[in-house]
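The values are calculated or read from the model by the stated rules, or taken from the named source; none is laboratory data. The shown structure was predicted, so the numbers you read here are calculated from the model rather than taken from an experiment. Here the Cβ is made from the backbone with ideal geometry for all residues, glycine too, and neighbour counts use every protein chain on show.
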Amino acid sequence: MELDDFLSRLDGVRRLPSGISARCPAHHDQVASLTVNPGNNGGVAVYCHANCDTRDVVAAMGLTMADLMGRPAITATYPYCDEDGHELYRINRWVNPKRFVVEPAGLSEAQRVPFDLPALAKARIDGSTVWIFEGEKDALRGKTLGLVATTNPFGAGKWLEHYSPYVAGCPVIIVADNDPAGHAHARDVARSVAAHAAGVSIVRARYGKDFSEMLDLGWTLDALETLPEPNELSSVVAINVAIKPITWLWNGYFPMAKVAIVEGDPGASKSALTIDLIARFTSGQKMPDATAHSGPHPVVLITAEDDVADTIAPRLKAAGADLRLVHLIDHGSDPAKPFIIGTDMPALYRMVMSTGAKLVVLDPLSAFLGDRVDSHNDASVRAGLYPLYRMAGDTGAAVLVVRHLNKGSGAKAIYRGGGSIGFIGAARAAYTVGQDPEDPNRRIMACTKMNIAPAPPSLGYSVLSGHYGPYLEWHGIVDTNAQQLVDGESSADSREMIDFLNRVVGKEPMTWREIVGLGRDEAGWTEAKLRNRRGQSRLIKIIGDEGNRSTRWGYLDHRTHLLKDEPISAIYPQMSLLTDPTELANGPDLPTPSASLARTFGESGRQMDPLQQMEGVDADLEEDRRDRELDALDSVCQVCGAVGNVFRWGYPYWVVRCVNHNPHTYGGVDAN
């Protein structure tokens, strides 16, 4: 059907610069939610923004899906020749509908030959590798790469036994399409040519549905991988893995080839934060912690909530971005539809590779999941995000996604992100942004999760107003952590709760309910807040003879009474001369009682096997020695002698450094 004929059946038709709009006949439409555009070869493309199925739209018009097709047309012709180059027959590729037609008609199977016999004849003489594809289109793409490429007419399942001798004596690589029929066809071809070829292997495109789409995505032959056997898992022997270090876009904060999350409540300046970071990566400015990066780099920003003309571009300009390196996306591959991770990832692959982008930002993530992803289902979320994580790993670009916090309170910071825990579970790094509990005019970015390196320090910043819009002013490292941000409490509040937990238990261990009750009476602290601080306190779990029903909470002194009838050699057999437990705590090279007793009695409070007791003793001795050394060190950077912004770094934890010389990123120090 022609476009004008189709439009004549619709109401409210308007021709706009972005396309043709009309009222959708499949629902009560008052806002002209139907978009109509010319299709291929005179066809019609239809999309309802109210999510009506296209079949329902055409049915409401008294039409069928066939009416949307364009005119039948030949889109390609593939000649099949003999070894001297004389044409024997040709295959015409038709569309509307798609089909393959042979000329001359009536060709018998015995008369059929493989594609490009002249190249196969030369390969048999030279012993060259022959690549067998499924279809002429892929074979021709292979020839453009200098391959000896062939195929059989009529596609999958049509390989004939008399084709195989044409590759005699040649190594053969069969490229399978990425569908069950393509896999089965490739294996059939492999069985047929095995008796004639010098060797046979089957590969498939790691990306895309076939070889041509893989190349369209920007990949090369390196992206082909071995096709595993049916019902078998493919694997690689660990010794054959080329080990590579973690690389960073922002040292210690945002890793390359990984996905990181920034999350916060509405109005927490998440978007302003990402704009500031984009500006730094594209302009070469130093990062908020005063460290340098390898930029300037191109960046891709995919947005759904802010207008690129009146909001995003002005903010980028205000932040000092190099606008020539920022690629903005506010719709999907189809301009009439939003960007969706599941369907638009091939186009994003091409853009990242063609632009050389080192960072891809999606703001907000929830807008790009599509209606097939259940954001509250862990399996659905992980499957829906898989194309994004794979794109990051395969292109080497860092990916930063923005999402909102849920409306809950009291939970651990890592659980406060909206939707399933699968979001943050699949990310390698995550940050919470929010208002500083001690200064309402300041915001803080605090690490919620970092599972490939030590967690970096929290950073403070203010949002200021400029001529082109808001911009950020950074204040350096702050003490507030992610839990304090989501709880809305100051560092003093947190220390007060930890102090309470460190002193609340008297002579006898207490139940957790009793401790919470006292905390509520003393300062109105909730159970959730106290529970979130419990791991930072001296409290330890003591399980009695009745198992979990007899669980109490106390300190090390409450557990040491379990040792009153045990010789000290039960704790450290090699130190049987020591008889007073205090000697363990005060000796020059011995671990603290908490380390030894926890190992002796374990989490359950029951005595462990002597071999288990000894495991790790040497490590604890070394740790205690280093802790005492660290306490004795001056707060002066060991590299440059600076006294400001100096910290005792978590790994190696005996290193005292300033921000610029921290052991995680400073190239002159071996942090391993």
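Here are the numbers:
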item	result
Considering residues of the stretch 548-564 that are at pLDDT below 75 and in contact with a Phe, Trp or Tyr (Cβ under 7 Å, 6 or more places away or on another chain) only, the residue surrounded by the fewest Cβ atoms within 10 Å (Cβ to Cβ)	LEU562
Residue under evaluation LYS122, criteria (1) over 36 Å from the mean Cα position of the chain (by Cα); (2) charged (D, E, K, R); (3) closer than 30 Å to ARG71 by Cβ, criterion not met	(3)
Options ALA105, ALA76; residue that is aliphatic (A, V, I, L, M) and touching a Lys or Arg at 6+ places or on another chain (Cβ under 7 Å)	ALA76
Qualifying residue in the stretch 218-226 (condition: farther than 21 Å from VAL399 by Cα, in the same structural domain as GLY135 (by TED's automatic domain parsing), part of a loop (DSSP other than H, G, I, E, B) and of a type outside the set (Asp, Glu))	yes
Residue match in the stretch 190-199 (condition: among the β-branched types (Val, Ile, Thr) and free of Cβ contacts under 8 Å to residues at least 60 places away in the same chain)	no
Top-ranked residue of the stretch 83-105 - restricted to ones that are of a type in the set (Lys, Arg) and more than 20 Å from VAL148 (Cα to Cα), ranked as modelled with the highest pLDDT	ARG93
Some residue of the stretch 22-38 being of a type outside the set (Phe, Trp, Tyr), at pLDDT below 90 and closer than 30 Å to GLY135 by Cα	yes
Selection count, the stretch 83-106, where residues are under 19 Å from GLU134 (Cβ atoms) and outside any strand (DSSP E or B)	1
Condition check for ALA149: within 22 Å of ALA76 (Cβ to Cβ) and part of a strand (DSSP E or B)	yes
All positions within the stretch 342-366 that are at pLDDT 90 or above, surrounded by fewer than 22 Cβ atoms within 10 Å (Cβ to Cβ) and assigned to a helix (DSSP H, G or I)	MET351, THR355
All positions within the stretch 53-73 that are in contact (Cβ under 8 Å) with a residue 24 or more places away in the chain and touching a Lys or Arg at 6+ places or on another chain (Cβ under 7 Å)	MET61
Residue tally, condition in contact (Cβ under 8 Å) with a residue 60 or more places away in the chain, more than 22 Å from ARG403 (Cβ to Cβ) and not small (Gly, Ala, Ser), over the stretch 337-357	4
Criterion (part of a loop (DSSP other than H, G, I, E, B), among the small types (Gly, Ala, Ser) and surrounded by 15 or more Cβ atoms within 10 Å (Cβ to Cβ)) met by exactly one of ALA156, ALA123	ALA156
Residue match in the stretch 360-371 (condition: out of contact with any helix residue (DSSP H, G or I) (no Cβ under 9 Å at 6 or more places or on another chain) and free of Cβ contacts under 8 Å to residues at least 60 places away in the same chain)	yes
Pairs, first under 16 Å from GLY519 (Cβ atoms) in the stretch 530-550, second among the basic types (Lys, Arg) and not in a helix (DSSP H, G or I), C-beta under 7 Å, six or more apart	ASN532/LYS412
Search result, residues across the stretch 460-513 that are under 27 Å from ARG443 (Cβ atoms), surrounded by 15 or more Cβ atoms within 10 Å (Cβ to Cβ) and of a type in the set (Phe, Trp, Tyr)	TYR461, TYR471, TRP474
So LEU328, is it buried (at least 17 other Cβ atoms within 10 Å of the Cβ), in a strand (DSSP E or B) and not polar (S, T, N, Q)	no
Verdict on ALA292 being under 30 Å from GLY425 (Cβ atoms), of a type in the set (A, V, I, L, M) and at pLDDT below 95	no
Only one of ALA186, ALA119 that is at pLDDT 95 or above and either of a type outside the set (A, V, I, L, M, F, W, C) or more than 24 Å from GLU87 (Cβ to Cβ) (or both)	ALA186
Conditions (1) buried (at least 18 other Cβ atoms within 10 Å of the Cβ); (2) assigned to a strand (DSSP E or B): number failed by ALA268	(2)
Filter result for the condition that a residue is without any contact (Cβ under 8 Å) to a residue 12 or more places away in the chain and either over 17 Å from ALA197 (Cα atoms) or in the same structural domain as ARG187 (by TED's automatic domain parsing) (or both), over THR150, THR144, THR129	THR144
